[in-house]
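The values are calculated or read from the model by the stated rules, or taken from the named source; none is laboratory data. Values in this document were obtained by computation on a predicted structure and should not be read as measured data. Note that we place each Cβ from the backbone using ideal geometry, even for glycine, and neighbour counts take in every protein chain shown.
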Amino acid sequence: MGGTHRCGITSTGDAVCAEGPAGRVRSVPGWSQVSGGYNYSCGVTTDEAAWCWGENEYGVFGNGKSNGSSSNPVQVAGAAGWASIEASHIHTCAVKTDHTAWCWGNNRLGQLGNGAVSNTGHPLPIQVGTDADWASVTTGYNFTCGLKLSGDLYCWGEGYGPIPVLRGSGYKSVSAGTTHACAVSLAGAMSCFGSNNYGEAGSSLDEHAWTAVSAGNYRTCGVRAEGSLWCWGHGNLGDGSTERSAIPKQVGPEHLWLEVSAGNRSGDCALRADHTAWCWGQARDGGAHVDLLPARRFIDSAT
């Protein structure tokens, strides 16, 4: 989920992006993963190459250039061998198939994790330390979190400093929003940390078991073990209202959900067990209408 756009991968490997409130859809084949940033997107193709497109502010494309824009995918510098990539606002991070972690873009609060702080663009990938045991990374506005193969959770950047800081152990997933992050433990317990201005850190989360979480722009969504979908924080939570809430609100009565992606201004989307995508919260029809309840959207068979 990006700032004003949404991207996903279909079951046939097509990267599908809907751009802007009008929902202009573009589909490109041959992708294994995609991530929407504020005004750009990045993805990994099936041949393990990494690509970015949109606005290249501060070098978020990782192609050696610190500005410009491109509506076509631009390859991230270096050899192939990328496993996953995460776009953010002004920095990008990725994990390679050898389990090394890399970041590039702006480093004004140490979000690149290289031990330095600099309010300039770093347009080429920089390795995060020397460890080769990273499972995944997730990018917030000015910070990054990463999960190691051991289940250890580290964060760096705003609030942590320019090198990874251990936050805890025994986790299976983590998701960074604008200024907060949430993680799910191996036992299914949910915990959130960082800002809580709109209730995005949640309340009574430890009363249920969770299988998936996604932190967005001052709100969070998660899937419980029985397949129900819940959101909390800033308004437009998919429950038919616009009220903010620290207490999770159920999105529809169904227990059919697999994954969820909480966005920025683009609203939120979730994937059902029948592999249909449903979205809510984004203004459309020239800003005259906002979907307060899930409506089937542009991906018919997503993964």
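Evaluating Thr12 against the criteria (1) outside any strand (DSSP E or B); (2) under 20 Å from Trp278 (Cα atoms); (3) polar (S, T, N, Q); (4) modelled with pLDDT of 90 or more leaves one unmet condition, (4).
Out of curiosity, is Ala80 surrounded by fewer than 20 Cβ atoms within 10 Å (Cβ to Cβ) and modelled with pLDDT under 95?
yes
Quick one: in the stretch 143-159, of everything that is in contact (Cβ under 8 Å) with a residue 40 or more places away in the chain and part of a loop (DSSP other than H, G, I, E, B), which residue is surrounded by the most Cβ atoms within 10 Å (Cβ to Cβ)? For the stretch 143-159, the residue satisfying everything is Glu158. Scanning the stretch 194-232 for residues that are out of contact with any Cys (no Cβ under 7 Å at 6 or more places or on another chain) and either β-branched (Val, Ile, Thr) or surrounded by fewer than 16 Cβ atoms within 10 Å (Cβ to Cβ) (or both) turns up Asn197, Ser203, Ser204, Asp206, Glu207, Ala209, Thr211, Val223, Ala225, Glu226, Gly227. The requirement of being modelled with pLDDT of 95 or more, under 22 Å from Val260 (Cβ atoms) and in contact with a Cys (Cβ under 9 Å, 6 or more places away or on another chain) is fulfilled nowhere in the stretch 156-165; no residue meets it.
With respect to Leu271, determine if the residue is within 29 Å of Ala15 (Cβ to Cβ), of a type in the set (A, V, I, L, M) and modelled with pLDDT of 90 or more. Taking the combined requirement at face value, the residue satisfies it.
Scanning the stretch 64-80 for any residue that is within 19 Å of the chain's Cα centre (by Cα), of a type in the set (A, V, I, L, M, F, W, C), more than 24 Å from Leu153 (Cβ to Cβ) and not in a strand (DSSP E or B) turns up at least one such residue.
Return the residue satisfying two criteria in turn: it lies in the stretch 274-303 and is part of a strand (DSSP E or B) and small (Gly, Ala, Ser), and of such residues it is modelled with the highest pLDDT.
Of everything passing the filter in the stretch 274-303, Ala277 is modelled with the highest pLDDT.
State whether the residues of the stretch 194-201 include one that is hydrophobic (A, V, I, L, M, F, W, C) and more than 23 Å from Trp104 (Cα to Cα). Yes, there is a match, as at least one residue in the stretch 194-201 is hydrophobic (A, V, I, L, M, F, W, C) and more than 23 Å from Trp104 (Cα to Cα).
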